[in-house]
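Read-outs: derived from the displayed coordinates by stated rules, not from any lab. Owing to the predicted nature of the structure, the values given are computational and were not obtained by experimental measurement. Glycine also receives a Cβ, built like all others from the backbone with ideal geometry; neighbour counts cover every protein chain displayed.
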């Protein structure tokens with residue numbers, strides 16, 4: 001995971017490379033003549049000081065290093081995210097030369113300014129995951145730096161290959177060593193012979209060792225209680241069957257029991273991906289990534305369960321069929337059109353705190369054949385099917401189905417049946433829309449608690465009632481009415497809406513809406529939607545209909561029972577089911593700011609509605 005950190009500078013004693021007791025700290029280095037960067041628990045610095053700087057620059061280009069880089073007098077300091085439970089001080093890197101590790105366990109701060117001269121800092125604040133060429137590997141024994149033909153170079157390189165064979169870019173690493181680390185290069189045919197792929201004999205390897213090799217080769221990671229790995233295109237996917245096929249290909253003894261045993265080892269030893277409350281994943285596109293309200297036009301190698309197979313082009317040309325479809329959905333209402341795009345953009349928000357602040361789930365409602373289902377098909381095409389699940393509201397209340405929503409951007413529930421939303425279903429809707437922990441259970445396994453950050457979008461031909469009528473439901477649900485029908489059915493309509501130029505235009509509009517949500521911290525207000533939702537809640541809570549004939553003053557000094565009895569009679573007369581006494585009481589408190597307290601009336605104390613801040617009169 002790539003992070004952007006704010007640096008803390010600590011003042012050093014004059015002419016020295018360490019701080020004194022109670023040294024001053026600052027967010028800038030300007031006021032210090034000598035200072036260092038203070039390390040945190042998350043920092044791991046790789047110190048290289050024994051190879052020329054032109055080799056280091058080649059290394060950066062060769063292996064796409066984009067983490068914070070501080071150039072020193074003798075080399076470089078690379079700042080990475082420290083792997084969990086990392087321990088180590090010195091090692092031979094996979095590139096064949098010695099490196100030193102600096103972290104909070106052995107170093108409090110690292111020099112960045114001496115005698116008033118600040119060292120060059122590239123990619124300031126960026127922390128990439130530790131690159132595989134710098135992973136601590138005790139199998140690597142030989143320093144290859146400066147080796148020549150008479151130093152046993154060929155044999156040493158072959159042994160080095162066997163020590164790093166589980167890494168993803170072995171050929172690339174060996175070619176780099178030959179080009180930049182050896183004093184005398186091997187002829188091209190010899191390096192090709194050593195570097196060529198050879199089957200690794202797994203007969204004598206333990207399941208543990210095989211699993212370690214697969215973890216390194218396919219970047220297997222454990223997130224939300226499931227395994228992710230890189231596919232052939234370098235994208236992280238969650239596909240148990242495909243991973244077991246990779247294991248089967250790797251094994252010499254291709255017994256299904258061996259496959260299962262290696263898979264179990266992967267579950268136990270794959271690096272666990274965890275996120276803090278203030279952290280979120282990147283969403284990768286083909287030409288960059290989206291993160292925390294901004295698009296970054298650069299490749300990212302960090303783990304994320306989310307990849308969208310489209311280019312983001314802020315200058316994408318308008319596509320008429322897309323504009324016409326949005327005009328149809330919104331009935332040519334600009335605010336409503338913005339809101340619809342923000343609903344789609346909501347799927348790209350995976351920061352838990354920000355999503356909790358918005359706290360919404362969405363139901364598009366209208367007659368059949370008006371394009372609601374088409375919208376869900378388009379969302380699947382834009383986001384990629386693997387980023388979408390398709391549970392109904394009823395299925396969401398069953399923890400056995402929850403696992404299908406893990407690692408998704410959105411759940412798309414189409415054509416929800418005309419049944420009231422019960423309390424169990426409402427709890428699931430609330431918990432997911434606010435990114436709370438939910439219980440999920442895979443088949444034949446114990447239930448576990450996970451946080452989900454996906455959006456919930458449903459369509460229905462019916463206006464669904466709910467058992468719950470309270471404010472928490474009103475705050476979370478957004479009904480989006482679509483009652484216009486297309487003038488005529490168009491041939492290959494969905495295909496036109498999801499061809500490549502249309503997808504890029506969709507992404508342009510959605511990212512604009514995404515940035516708008518981050519800037520405004522709320523959805524665009526649409527009078528059409530506001531009016532529809534107000535009317536829905538009045539009908540869902542018919543006590544609000546009853547209140548239309550009254551004013552606030554009509555309830556002051558009234559007993560709750562008297563109010564309820566009159567309302568109950570009204571509901572029966574109008575063939576309506578009365579709300580509960582608690583719901584009636586909560587509605588009066590919310591709408592009028594009245595509370596029930598004791599008050600002396602005609603010589604006796606009676607419990608009646610009074611103003612919230614009014615003192616009880618004796």
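Listed values, structure above:
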quantity	calculated
DSSP-defined beta bridges in the chain - what % are antiparallel, rounded to 5	75 percent
Viscosity 1.002 mPa s, temperature 20 °C, Stokes-Einstein D of region 503-618 from Kirkwood C-alpha radius, µm²/s	123 µm²/s
Extension gain (nm, one decimal) between residue 512 and residue 333, 0.36 nm per residue minus Cα-Cα	62.7 nm
Virtual spin-label span in nm between residue 309 and residue 534, 7 Å along Cα→Cβ	4.6 nm
Within region 298-313: backbone nitrogen closer than 14 Å to the residue 384 label point (7 Å, Cα to C-beta)	300-312
Residue 142-residue 404 FRET efficiency (beta carbon distance; Förster radius 60 Å; 0.05 resolution)	0.75
Contour excess over end-to-end distance, with Cα ends at residue 256 and residue 569 and 0.36 nm allotted per residue	105.7 nm
Two-site label geometry, residue 357 and residue 104: point separation in nm, points 7 Å out along Cα→Cβ	2.7 nm
Per residue Cα convex hull volume in Å³ - calculated over region 149-195	65 Å³
For Rg/Rh (Cα atoms, Kirkwood Rh), calculated from these coordinates, the label among (1) 1.08; (2) 0.94; (3) 0.98	(1)
The chain: relative contact order as a whole-number percent, Cα under 8 Å and 6+ apart	9 percent
Two-decimal ratio, region 320-535, of alpha-carbon radius of gyration to 2.2 N^0.38 Å	0.99
Percentage relative contact order, region 1-96, counting C-alpha pairs under 8 Å, at least six apart	22 percent
Estimated inter-spin distance, residue 50 and residue 424, nm [label 7 Å along Cα→Cβ]	6.4 nm
For region 272-339, alpha-carbon Rg relative to the globular expectation (2.2 N^0.38 Å, N residues)	1.49
Separation between Cα centres of region 512-538 and region 453-507, rounded to whole Å	14 Å
Tail fraction, Cα-Cα pairs, region 207-269, threshold 20 Å, whole percent	15 percent
Using a Förster distance of 25 Å, the FRET efficiency for residue 269-residue 436 (Cβ separation, nearest 0.05)	0.25
Packing-based order for 522-530, 569-577, using average beta carbon neighbours within 10 Å, highest first	522-530, 569-577
Region 3-134 - share of DSSP beta bridges that are antiparallel (%, nearest 5)	95 percent
Average Cα contact separation per residue, region 541-611, under 8 Å, 6 or more apart, as relative contact order %	37 percent
Cα centroid separation, region 142-191 to region 322-392 (Å)	54 Å
